[in-house]
Amino acid sequence: MTATVETGATVRDPRAGKNPLKIRNIHHVELCAGNAKQSAFYYRKAFGFSQLAYSGLETGNRETTSYVLSQGKIRFVITSPLTEGHAHTRHIGCHGDGVIDIALQVEDADYAFNEAVRRGARPAVEPHDAADQFGVVRRAAIHTYGDTLHSFISYSDYKGAFLPGFQPAEIAGQSAGLLLVDHIVGNVELGKMNVWADWYSSVMGFSRYITFDDKDISTEYSALMSIVMSDDNRLVKFPINEPAPGRKKSQIDEYLEWYRGPGVQHIALLCGDILSTVSQLKANGVEFLTVPDSYYADLEHRVGGIEEPMEEIRKLHILVDRDQEGYLLQLFTKPVQDRPTMFFEIIQRKGSRGFGKGNFKALFESIEAEQAKRGNL
Ligand code: FE2
């Protein structure tokens, strides 16, 4: 079990150093998809991404097809394998669609890789040059939970549209106002949450930012425990969930069963005007979880005054939570592929650096209603 600390507090692990891998930011998130062409179309039309670049048969890539999408500072790469023996083909067969790489831009990919491996990371791809007519990029990768990678990418004067191997293929999208990746949550097996939290402190130098235990995150049926790991600048936040015993199957168990193991549960995307973002996403057909109307009956009493009109909040089914630093507004999509695995969170922060602890109960009841429909509760 873990100790619960107040929202916003950081528990410094003595092994955590000051950014030992010299991580700058999340460079991109790569998602493996059965049909990248159609998935990219979905992210453009439903979420308002623009297409930046492409790699595939036409660019001389006979192994995979990838579409690079961007909105604000968010970059997604949607990749499909083209051959039977490709690792991504096995990934789709085993896990379905999902995140294969949370790629980090670092000062020096060789240094980050060597230091990570020295600190206990399992190597995936040795440092190497990736080059094309626009310049050279250094790349390497380590394994994190499940079949998920952290690539390390460094470059100083690369001039291409994205990375070597990609050609510009711009299609403007109608932005929904999504700005950046706020956090990326991993689901791991029972008993492995602390193992992976320790891994993020010893390998990446991250600190425990916030811990939730099953008293915070439980309903009558299911529960989960979560530790938020964050870099010193709190630019990169990776919460880790594990299932907690409940009367019925937890949403984390359902994920682990259908993803066939640990993986990314949700990607939270930050926006500056959630009313307009969510209105647009809903008009585009993005499906969100809804909480019962009773959630809104005493919302004002629970969270106090907020700047947004309460009627709009209720109409769009947006969730609100407050802590000592301010409040946040958030909303969760339903899973975005056939398996009940990965989903997205849309979040706007008004001072709060928390994760919406006050919404967990209402939210989990909503998730359990969906699990029951799938026969997975
Ligand atoms: Fe989240």
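Since every read-out is calculated from the coordinates, none of them should be taken as a lab result. All values reported here derive from a predicted model rather than from experimental measurement. Here the Cβ positions follow ideal geometry from the backbone for every residue, glycine too, while neighbour counts run over all protein chains shown.
Which value does Rg/Rh take for the range 177-374 over its C-alpha atoms, Rh per Kirkwood? Walk me through the numbers before you get to the answer.
Numbers: Rg = 16.2 Å, Rh = 17.2 Å.
Rg divided by Rh gives 0.94.
Output the 0 to 90 degree angle, nearest 10, between the alpha-carbon long axis of helix 36-47 and the longest principal axis computed from the alpha carbons of the chain.
40 degrees
Name the longest site-free stretch of the chain, where the excluded sites are GluC sites (Glu not before Pro) in a DSSP loop with no more than 16 other beta-carbon atoms within 10 Å. If you can, show how the numbers build up before the last one.
Details: sites that count: Glu6, Glu63, Glu84, Glu107, Glu220, Glu287, Glu307, Glu325.
Value returned for the longest uninterrupted segment is 108-219.
Which trypsin sites (Lys or Arg not before Pro) in the range 315-377 pass both tests, a DSSP loop state and at most 14 other beta-carbon atoms within 10 Å? Don't skip to the answer; put the middle values down first.
Working: sites: Lys315, Arg322, Arg349, Lys350, Arg353, Lys357, Lys361, Lys373, Arg374; in loops: Arg353, Arg374.
Loop-located and lightly packed - Arg374.
About the Cα centre of the chain, what is the dipole size in debye to 20, counting +1 per Lys and Arg Cβ and -1 per Asp and Glu Cβ, all else neutral? Write down the numbers at each step before the final one.
Values: 41 positive and 48 negative charges, 48 e Å.
The calculated dipole for the chain is roughly 240 debye.
Can you list which of the trypsin sites (Lys or Arg not before Pro) found in the range 52-125 are DSSP loop residues with at most 12 other C-beta atoms within 10 Å? It would help to have the intermediate numbers written out before the result.
Working: sites: Arg62, Lys73, Arg75, Arg90, Arg118, Arg119; in loops: Arg62, Lys73, Arg119.
Those satisfying the criteria are Arg62, Lys73.
Viscosity 1.306 mPa s, temperature 10 °C: what is the translational diffusion coefficient of the range 252-300 from Stokes-Einstein with a Kirkwood Rh over Cα pairs, rounded to a whole number of µm²/s?
On the way: Rh = 14.0 Å.
Answer, rounded: 114 µm²/s.
Quick check: net charge around Lys192, other residues with Cβ under 12 Å of its Cβ, Lys/Arg +1 and Asp/Glu -1?
Working: positive: none; negative: Glu189, Asp198, Glu242.
Local net charge: -3.
Less than 11 Å Cβ to Cβ from Asn284, Lys/Arg counted +1 and Asp/Glu -1: what total charge do the surrounding residues give?
+2
Could you tell me, in Å, what Rg and Dmax come out for the Cα atoms of the chain?
When restricted to Cα atoms, the chain yields Rg and Dmax of 20.2, 60 Å.
Checking the cross-link filter: which lysines have an alpha carbon closer than 22 Å to that of Lys248, excluding same-chain neighbours under 8 positions apart?
Correct list for Lys248: Lys192, Lys215, Lys334, Lys357, Lys361, Lys373.
Kirkwood Rh and Cα-based Rg: tell me the resulting Rg over Rh for the range 23-171, rounded to two decimals.
On the way: Rg = 14.9 Å, Rh = 15.7 Å.
Here the Rg-to-Rh quotient is 0.95.
Please express the Cα-Cα pair-distance distribution P(r) of the range 91-191 as a list of whole percents, one per 10 Å bin, running from 0 to the bin with the greatest distance.
13, 34, 37, 15, 2
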